[in-house]
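Structure below; questions to follow.
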Amino acid sequence: MELMTRWTDDRMDDLKNQVDELGHRMEQGFADQRREFNARFDRMEAQFEKIDERFNRTQEMIIGVHSTITRLSLTLVVAAVALVATQTGFILTQL
């Protein structure tokens, strides 16, 4: 036995309203998902910026340490050359 459904104007209007409502709920859900995704992306981007700032500070610190070591090395070389020159001059005056 075949089941017959009668589609009256009222039933068609009701179905249309249900489909419209479902469409609105889906649009709202997608909009909510986009907002949540964007918020998460913004938070992640902020974390990467903090890490980048840490790397920059570390790099600046390493450059400063390198400069200090270079200056100290040059000072020691100059002092060693001066000491050798002084000792050589002293030895030559003793001869």
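Taking the Cβ of Leu15 as the center, what net charge do the other residues with Cβ under 12 Å away carry, scoring Lys and Arg +1 and Asp and Glu -1?
In short, -4.
In whole Å, largest first, what are the principal axis extents of the Cα atoms in the chain?
133, 26, 9
Just so you know, all these numbers are worked out from the coordinates, no wet-lab data involved. Since this is a predicted model, take the numbers as computed values, not measurements. No Cβ is skipped: glycine too gets one built from the backbone with ideal geometry, and neighbour counts run over all protein chains shown.
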